[in-house]
Amino acid sequence: MDRNDELFERAQISIPGGVNSPVRAFRSVGGSPRFIERAKGPYMWDATGKKFIDYILSWGPMILGHNNDEVIAEVEAATERGLSFGAATEAEIRIAEEIRKIVPSMEQVRLVSSGTEAGMSAIRLARGYTGRNKIIKFEGCYHGHSDSLLVKAGSGMLTFGNPSSAGVPASVTEHTLVLEYNNPQQLEDAFRQWGSDIACVIVEAVAGNMNMVRGNPEFLQTMRRLCTEYGALMIVDEVMTGFRVALGGAQEHYGITPDITMLGKVIGGGMPVAAFGGRREIMSKIAPLGAVYQAGTLSGNPVAVACGLATLKGIQAPGFHDRLSAQTTKLVTGLTAAAREAGIEFCADSVGGMFGIYFLPEIPHGFNDVMKADTELFAKFFHGMLDRGVYFAPSTFEAGFLSITHTDEVIDATINAARETFAEIAR
């Protein structure tokens with residue numbers, strides 16, 4: 001039993017399942033999770049001292065690489081001034097101004113501490129602004145674990161969802177309508193039937209929680225048109241995609257303008273910072289200006305905001321996203337070629353610094369496609385790569401991420417490890 005196994009046994013005594021977020025438990029791939037002790041650049045080291053090339057990057061925020069020197073310097077300086085005040089700071093204004101500059105659709109911004117808070121608050125705001133109750137979400141899109149969004153998909157049917165988590169009453173989700181991702185006709189049908197009752201549509205324009213699945217431009221444009229026509233709000237969840245698939249996020253990539261945007265991950269640079277924002281007239285409905293209540297003692301925490309500000313500065317360097325996108329493309333192209341050499345059914349896709357790998361004959365377009373992936377083959381690939389020092393997400397239903405520190409040397413090492421792993425699987 002190595003140190004990771006020992007820590008996992010110990011953790012399960014005090015922590016449910018031994019982890020504080022379910023995917024960390026390795027349940028879908030088997031084995032003990034790796035307990036990480038430190039990280040730098042594209043690498044991290046576990047409790048045994050084993051070094052890994054990291055393609056999780058704290059699920060996206062470490063876009064500058066782990067332990068970036070400039071970011072750490074800003075965090076240390078902020079720490080010296082104080083950890084938390086429970087009062088307004090100039091840093092909160094600065095990060096809001098920076099977000100507004102990069103994402104013009106966000107005329108005003110409210111900071112929170114997690115993507116779940118951002119999603120919950122955005123939906124409450126949409127309901128308060130429109131005076132309506134019903135919301136639309138899509139199969140395979142995850143917007144945090146607030147009650148109204150934990151809904152099972154209705155097998156791709158146009159139907160109201162049932163709770164997919166114990167502890168969520170059906171009465172809470174009865175106003176949540178679940179549609180197929182990338183199906184514009186279902187959107188048309190839903191608005192035709194319930195349009196006057198729909199407060200908002202919430203979507204990941206590039207999904208990241210059923211693996212990475214691109215939104216279809218027609219699907220997103222139909223959504224924008226119908227929301228405008230029927231007076232509903234379009235909420236784009238950019239917690240994963242914000243500042244990562246493009247500097248201005250998925251909305252810049254697709255040329256769409258949401259009414260409300262959710263941000264997280266990159267804006268915190270590894271610290272718990274998230275945000276939601278939109279048109280001034282909508283945001284004016286939030287307390288203390290309006291009747292929609294939202295609050296948070298640690299919202300805009302000065303140390304976390306310092307980390308976020310330093311990260312946002314770093315990603316605006318000239319050519320940053322071009323380099324990040326090129327490296328991600330190199331990775332997925334190399335992985336695909338390695339699988340082809342071994343005769344393994346496999347494909348991959350990427351947008352900016354975000355990617356998906358699929359044990360499927362072709363790139364998926366929605367939840368039903370993703371569910372056909374060979375999970376056993378993925379588990380073999382995952383452990384083969386882990387043994388060779390490459391750390392991918394421990395689930396076939398999660399996207400992957402690159403940082404600007406993933407150099408040619410790092411990607412070449414990854415592709416070589418994949419070539420060996422695919423050959424081993426094929427034997």
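Could you tell me what percent of the DSSP beta bridges with both partners in the chain are antiparallel, to the nearest 5? Looking only at bridges with both residues in the chain, the antiparallel portion is about 60 percent. FRET efficiency for residue 218 and residue 72, Cβ-Cβ distance as r, R0 = 35 Å, nearest 0.05? About 0.20, to the nearest 0.05. Amide H contacts for residue 200 (H built 1.01 Å from N in the peptide plane; partners 5 or more residues away or on another chain; cut-off under 5 Å): 136, 233. Partners of residue 101 within straight-line reach, counting aspartates and glutamates whose Cα lies under 14 Å from its Cα and excluding those fewer than 8 residues away in the same chain: 252.
What the phi angles of region 63-74 give under the Karplus curve with 6.51, -1.76 and 1.60, with θ = phi - 60°, is a coupling list of 5, 8, x, 5, 6, 4, 4, 5, 5, 4, 4, 5 Hz, glycine and proline written as x. Converting phi to 3J(HN,Hα) with the Karplus coefficients 6.51, -1.76 and 1.60 and the offset θ = phi - 60°, region 123-128 yields 5, 4, 5, 4, 5, x Hz in sequence order, with x at every glycine or proline. Alpha-carbon geometry of region 292-414: the Rg and the Dmax are 17.8, 57 Å, given in that order. Distance between the 7 Å Cα→Cβ label points at residue 2 and residue 383: 1.3 nm.
Amide H contacts for residue 179 (H built 1.01 Å from N in the peptide plane; partners 5 or more residues away or on another chain; cut-off under 5 Å): 137, 138, 139. Taking 7 Å steps out from each Cα toward its Cβ at residue 345 and residue 188 produces label points 3.3 nm apart. If the segment from residue 322 to residue 14 were pulled out straight at 0.36 nm per residue, it would be longer than the present Cα-Cα gap by 106.4 nm.
Taking N as the number of residues in region 1-51, what is its alpha-carbon radius of gyration divided by 2.2 N^0.38 Å? Could the numbers behind the result be given before it?
Details: Rg = 11.2 Å, N = 51, 2.2 N^0.38 = 9.8 Å.
With N residues counted in region 1-51, Rg over 2.2 N^0.38 Å equals 1.15.
For the chain, the Cα gyration tensor yields ellipsoid semi-axes of 33, 27, 21 Å (square root of five times each eigenvalue, largest first, whole Å).
Under the rule of at least 5 residues apart or a separate chain, name every residue whose amide H is placed under 5 Å from the amide H of residue 373. Amide H neighbours of residue 373, under 5 Å, 5+ apart: none.
When the Cα gyration tensor is reduced to axis lengths a ≥ b ≥ c, the ratio a/c is 1.5 or higher for region 20-97, and with a/b above b/c it is classed as prolate. The 3J(HN,Hα) values that the Karplus relation (6.51, -1.76, 1.60; θ = phi - 60°) gives for region 32-39 are, in residue order, 8, x, 8, 9, 8, 9, 7, 7 Hz. Gly and Pro appear as x.
Provide the packing ranking of 304-311, 320-327, i.e. peptides ordered by the mean count of other C-beta atoms within 10 Å per residue, highest first.
Numbers: 304-311: 25.9, 320-327: 17.1.
Listed from highest to lowest mean packing, they are 304-311, 320-327.
Share of the chain's accessible area from carbon and sulfur, percent, 1.4 Å? Reported share for carbon and sulfur atoms: 50 percent.
For the pair residue 284 and residue 426, a Förster radius of 60 Å applied to the C-beta separation gives a FRET efficiency near 0.50, rounded to the nearest 0.05.
What number, in percent, do you get for the relative contact order of region 292-391 if the mean sequence gap of Cα pairs under 8 Å and at least 6 apart is divided by its residue count? Write out the running numbers ahead of the final one.
Numbers: 71 pairs, mean separation 15.9, N = 100.
Averaging sequence separation for qualifying contacts and normalising by length gives 16 percent for region 292-391.
Work out the length of the dipole vector of region 159-292 about its Cα centre, built from +1 on the beta-carbon of each Lys and Arg and -1 on the beta-carbon of each Asp and Glu, and round it to the nearest 20 debye. Mind showing how you got there, number by number?
Numbers: 9 positive and 13 negative charges, 78 e Å.
Dipole magnitude for region 159-292 comes out near 380 debye.
Here the label points at residue 94 and residue 133, each 7 Å from Cα along the C-beta direction, are separated by 4.6 nm in the simple model.
In deg cm²/dmol, rounded to 500, what helix-only [θ] at 222 nm does the chain give when every DSSP H run of at least 4 residues adds -39500 (n - 2.57) and the total is split over its residues? Could you put the intermediate results ahead of the total?
Working: 14 runs with 166 residues, N = 427.
Rounded to the nearest 500, the figure is -12000 deg cm²/dmol.
Take the Cα of residue 45, step 7 Å along the line toward its Cβ, and report every residue of region 397-412 whose backbone nitrogen sits under 20 Å from that point. Taking a point 7 Å out along Cα→Cβ of residue 45, the residues of region 397-412 whose backbone N falls under 20 Å are 405-407, 410.
The values are calculated or read from the model by the stated rules, or taken from the named source; none is laboratory data. Computed from a predicted model, the values in this text were never measured in an experiment. Positions of Cβ are backbone-derived with ideal geometry, glycine not excepted, and every protein chain shown enters the neighbour counts. All accessible areas refer to the heavy atoms of the entire protein, side chains included, with ligands and DNA or RNA removed. Shrake-Rupley method; radii C 1.70, N 1.55, O 1.52, S 1.80 Å.
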